[in-house]
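S.K.: What follows is a single structure, and I will ask about it in a moment.
The values are calculated or read from the model by the stated rules, or taken from the named source; none is laboratory data. Only a predicted model underlies this, so the values are computations on that prediction, with no experimental measurement involved. Note that we place each Cβ from the backbone using ideal geometry, even for glycine, and neighbour counts take in every protein chain shown.
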Amino acid sequence: MDILQIIDEKVPAALKSLYDIDVPKEKLIVNTTKKEFEGDYTVVTFPFARDARKKPDQIAEELGAYLIENTKDFTAYNVIKGFLNLTVSDDYWKHFLSRIKEDTSYGESPKTGEKAMVEFSSPNTNKPLHLGHVRNILLGWSTSRILEAAGHDVVKVQIINDRGIAICKSMLAWKKFGEGKTPESEGVKSDHFVGHWYVVFDAQLRGEYAEWQKSSAAQQLLESKAVKPENVEAFFKKYKNDYFNEYSELGAEAKDMLLKWEAGDKEVRDLWRMMNGWVYKGFDVTYENLGVHFDKLYYESNTYLLGKDIIEEGIENGIFYKKDDNSVWIDLEDAKLDHKLVLRSDGTSVYMTQDIGTAKLRYQDFGMEKMIYVVADEQNHHFKVLFEILKRLGESFADGCYHLNYGMVNLPSGRMKSREGTVVDADDLMKEVIQEAAKNGEAIGTLDGVSEEEKQKIFGQIGLAALKYFIIKVNPKKSMIFDPSESVDMQGQTGPYIQNAGVRIKSILRKLDEVDFDDLNGYESIHEAEKELLQMLHAFPSIIKEAAQDYDPSHLANYCYALAKGYHKFYNSGLSVIRAENQEAKAFRKALSTSTLNVLTSGMGLLGIEIPERM
């Protein structure tokens, strides 16, 4: 039983014995004692005052005395205005350290039998993965791993948006201007090759639009809209989408291609399969380099017709209603979500229809209790509506649906735009942070004598740690700026800083092979720096549970930084491990270092980050 469980059990028992009051453990408020006060854990006694008919500070005094007399795990207490600060015995900490020192699964919870599905990445096949996808992927992957550590069976999926007008734009540009070029003929990574044609299409469209603005049709439009000369530029800037749909020759060709795709036209379908194949090959390389994989892939080309049968059934049950034009809607005003279209008047589906059908399909595939969607916060309203509809349809998994929304991620240079080719591709971003890590490593010179192959492996581990940690440490709901040079700073709150703590511990432990762990029980007096580390190690399981409960990997990322900082503080406190004052101290500090390394390795591993052997 850990110390928090002991407090949860002993404090209510003491209150019952002292004041004959019943306090469920759920009502206890227990915190780590603030650094300015003596003690390890603090019990707040104010909530007991009315039932006990005593002042909080008197309750704290009597409760502290009772616990010292009746519980061997506490050796001292003090009271600060109704806050009872308890000091945990050294014997408890030594027993705790003995238990976890070689337990590489410490922190993980037993299997709950509950299954969760996490959907993340879900890219379009008209361009490579970019910085925005990287944040999505890292959040989805780390959330999946944290849920697994918290005892869930987790299925990792993505839905690939492989159809639609954006895909046809890339296809049409390659067909018109590609001259039969291939990724192999151009020596270009295959998803980057396809993304190039998406940019080409937009460039061609902009040129066509600029020419059209000089035409008589454009002038007639301006006159019909009574656009003043000083407002012409602003009008045309806003009118671009309307132009695409109403006047553009390229737009007409792209829309015609989409209609042919939907009709199953062989030539269009063959082109679609070829170019999507190029993209998937490129995606696979990027995912492998990021260290992620999926258990199942869904494709919008297979799911875009799903949901219609559910809508029809919902109409019969009075959940949806038809308008005079035959379009189908749902009234969500009582949930403050207004009315929502679920089928167009021509019977075609909208994204909401597809998402309803896909959710049902996934439940049939996996029978999960939780369904987590990792999607940018631009879709907040969409998911509120989706989850409300699923509830009204009576889907058993509806209450377990969660939108893990996240803010925009930009570079110091500003916002990125796919169509203008200013997006930073994930591959280029990984290459840049690895180069930054290599530049720093070569400057420091700590890897002199290491083979070039091993150096490159280490630089890769450091660079990816920099990228992943810098993004994951930020609360998902916040927008952020990713700075590659700042991310590799060895002195800041970065992945490499945490890796450095792990590398330092590995170096120490290599020199302590002959030290016997059993001697740690003879260690007489635990120092403050050691106790701080023990308390942080003790909190690891609860941090994993909190991160899983909140679907927020930043809890774990910030914990790992605090633990690494705590070890650096311990290392610089004058408490030597290798040259400890006696064998017992050496054994205790070896166990403390081993446990810290294990927790850092586990915690960072859940974030997809490795700790190298050297740096």
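S.K.: Looking at (1) of a type outside the set (Lys, Arg); (2) surrounded by fewer than 20 Cβ atoms within 10 Å (Cβ to Cβ); (3) closer than 22 Å to Asn410 by Cα, can you tell me which one Met490 breaks?
M.R.: Here Met490 clears every test but (3).
S.K.: I'd like to check something: does segment 331-351 contain any residue that is in a helix (DSSP H, G or I), at pLDDT 95 or above, in the same structural domain as Lys189 (by TED's automatic domain parsing) and among the aliphatic types (A, V, I, L, M)?
M.R.: no
S.K.: Take Val154 and decide whether it is over 19 Å from Asp284 (Cα atoms) and either in contact with a strand residue (DSSP E or B) (Cβ under 8 Å, 6 or more places away or on another chain) or crowded, with 17+ Cβ neighbours inside 10 Å (or both). Spell out the reasoning first.
M.R.: Numbers: over 19 Å from Asp284 (Cα atoms): yes; either in contact with a strand residue (DSSP E or B) (Cβ under 8 Å, 6 or more places away or on another chain) or crowded, with 17+ Cβ neighbours inside 10 Å (or both): yes.
Judged against the criteria, Val154 is a match.
S.K.: Within segment 157-166, is even one residue among the polar types (S, T, N, Q), more than 30 Å from Asn241 (Cβ to Cβ) and in contact (Cβ under 8 Å) with a residue 60 or more places away in the chain?
M.R.: No; the residues of segment 157-166 include none that is among the polar types (S, T, N, Q), more than 30 Å from Asn241 (Cβ to Cβ) and in contact (Cβ under 8 Å) with a residue 60 or more places away in the chain.
S.K.: Can you find a residue that is assigned to a helix (DSSP H, G or I) and farther than 17 Å from Ala149 by Cα anywhere in segment 537-557? Explain how you work it out, then say what you get.
M.R.: The initial filter retains those residues of segment 537-557 that are assigned to a helix (DSSP H, G or I), namely 537-550, 554-557.
Going one step further and asking which of them are farther than 17 Å from Ala149 by Cα, we end up with none.
The answer is no, given that none of the residues of segment 537-557 is assigned to a helix (DSSP H, G or I) and farther than 17 Å from Ala149 by Cα.
S.K.: Counting residues that are modelled with pLDDT under 85, which helices (runs of 4 or more DSSP H) fully inside segment 421-492 reach at least 2? Explain how you work it out, then say what you get.
M.R.: Working: elements: 426-444, 452-472, 484-487.
Filter on segment 421-492 gives 426-444.
S.K.: Continuing with the same structure: Collect the residues in segment 122-142 that are part of a loop (DSSP other than H, G, I, E, B), closer than 20 Å to Met371 by Cβ and hydroxyl-bearing (Ser, Thr, Tyr), keeping them in residue-number order.
M.R.: Ser122
S.K.: Does Lys322 satisfy being assigned by TED's automatic domain parsing to the domain that holds Asp295 and modelled with pLDDT of 95 or more? First the steps, then the outcome.
M.R.: On the way: assigned by TED's automatic domain parsing to the domain that holds Asp295: no; modelled with pLDDT of 95 or more: yes.
Judged against the criteria, Lys322 is not a match.
S.K.: Would you call Leu533 within 21 Å of Asn598 (Cα to Cα), buried (at least 18 other Cβ atoms within 10 Å of the Cβ), touching a helix residue (DSSP H, G or I) at 6+ places or on another chain (Cβ under 9 Å) and not charged (D, E, K, R)?
M.R.: Against the criterion (within 21 Å of Asn598 (Cα to Cα), buried (at least 18 other Cβ atoms within 10 Å of the Cβ), touching a helix residue (DSSP H, G or I) at 6+ places or on another chain (Cβ under 9 Å) and not charged (D, E, K, R)), Leu533 qualifies.
S.K.: Here is a check on your reading of the model: is Ala226 assigned to a helix (DSSP H, G or I) and modelled with pLDDT of 95 or more?
M.R.: no
S.K.: Taking only segment 452-470 into account, find how many residues are over 11 Å from Val433 (Cβ atoms) and β-branched (Val, Ile, Thr).
M.R.: Qualifying residue count, segment 452-470: 1.
S.K.: So, of the residues in segment 393-411 that are surrounded by fewer than 18 Cβ atoms within 10 Å (Cβ to Cβ) and over 20 Å from Ala116 (Cα atoms), which turns out to be farthest from the chain's Cα centre (by Cα)?
M.R.: Only one residue fits best here, namely Leu411.
S.K.: Looking only at residues in segment 502-523 that are over 30 Å from Gln461 (Cα atoms) and in contact with an Asp or Glu (Cβ under 7 Å, 6 or more places away or on another chain), which one is surrounded by the fewest Cβ atoms within 10 Å (Cβ to Cβ)?
M.R.: Here the answer is Gly522.
S.K.: So Gly307 clears everything in (1) exposed (fewer than 13 other Cβ atoms within 10 Å of the Cβ); (2) on the phi > 0 side of the Ramachandran plot except one condition, right? Which one?
M.R.: Single failed check for Gly307: (1).
S.K.: Hey, can you tell me all the residues within segment 574-592 that are crowded, with 24+ Cβ neighbours inside 10 Å and hydroxyl-bearing (Ser, Thr, Tyr)?
M.R.: Residues satisfying the conditions do not exist here.
S.K.: I would also like to ask the following. Just give me the residues in segment 81-91 being in contact (Cβ under 8 Å) with a residue 40 or more places away in the chain and either of a type in the set (A, V, I, L, M, F, W, C) or surrounded by fewer than 20 Cβ atoms within 10 Å (Cβ to Cβ) (or both), in sequence order.
M.R.: Across segment 81-91, the qualifying residues are Phe83, Leu84, Leu86, Thr87, Val88, Asp90.
S.K.: So, of the residues in segment 1-36 that are β-branched (Val, Ile, Thr) and out of contact with any Lys or Arg (no Cβ under 9 Å at 6 or more places or on another chain), which turns out to be farthest from Gln535 (Cα to Cα)? Reasoning before the result, please.
M.R.: Here is the first cut: in segment 1-36, the residues β-branched (Val, Ile, Thr) are 3, 6-7, 11, 21, 23, 29-30, 32-33.
Add one more test, that the residue is out of contact with any Lys or Arg (no Cβ under 9 Å at 6 or more places or on another chain), and what stays is 3, 6, 21, 29-30, 32-33.
Details: Ile3: 10, Ile6: 15, Ile21: 31, Ile29: 17, Val30: 14, Thr32: 8, Thr33: 10 Å.
Among those that are β-branched (Val, Ile, Thr) and out of contact with any Lys or Arg (no Cβ under 9 Å at 6 or more places or on another chain), it is Ile21.
S.K.: Quick test of your reading of the structure: Ser593 fulfils all but one of (1) more than 19 Å from Asp90 (Cβ to Cβ); (2) in contact (Cβ under 8 Å) with a residue 60 or more places away in the chain; (3) not charged (D, E, K, R). Name the failing condition by number.
M.R.: Unmet for Ser593, out of (1) more than 19 Å from Asp90 (Cβ to Cβ); (2) in contact (Cβ under 8 Å) with a residue 60 or more places away in the chain; (3) not charged (D, E, K, R): (1).
S.K.: Among Leu147, Leu205, which is in a helix (DSSP H, G or I), more than 28 Å from Gly407 (Cα to Cα) and touching a helix residue (DSSP H, G or I) at 6+ places or on another chain (Cβ under 8 Å)?
M.R.: Leu205
S.K.: If I filter segment 107-118 down to residues being touching a Phe, Trp or Tyr at 6+ places or on another chain (Cβ under 7 Å) and surrounded by fewer than 24 Cβ atoms within 10 Å (Cβ to Cβ), which single residue comes out as farthest from Lys281 (Cα to Cα)?
M.R.: Gly107
S.K.: Looking at the structure I just gave you, is Leu297 out of contact with any strand residue (DSSP E or B) (no Cβ under 8 Å at 6 or more places or on another chain) and under 30 Å from Gly140 (Cα atoms)?
M.R.: In short, no.
S.K.: List pairs: first residue in segment 43-60 and over 13 Å from Lys81 (Cα atoms), second residue modelled with pLDDT under 95 and of a type in the set (A, V, I, L, M, F, W, C) anywhere in the structure, Cβ distance under 7 angstrom, at least six positions apart or on different chains.
M.R.: Short answer, once both residue conditions are applied: Phe48/Val23.
S.K.: Quickly run through segment 256-296 and pick out the residues that are of a type in the set (Gly, Ala, Ser) and part of a helix (DSSP H, G or I). Even if it seems obvious, please write down each step before you answer.
M.R.: Residues of segment 256-296 of a type in the set (Gly, Ala, Ser): 263-264, 277, 282, 291.
Within segment 256-296, Gly277, Gly282 qualify.
S.K.: Are any of the residues in segment 27-36 closer than 30 Å to Gly605 by Cα, part of a loop (DSSP other than H, G, I, E, B) and not charged (D, E, K, R)?
M.R.: yes
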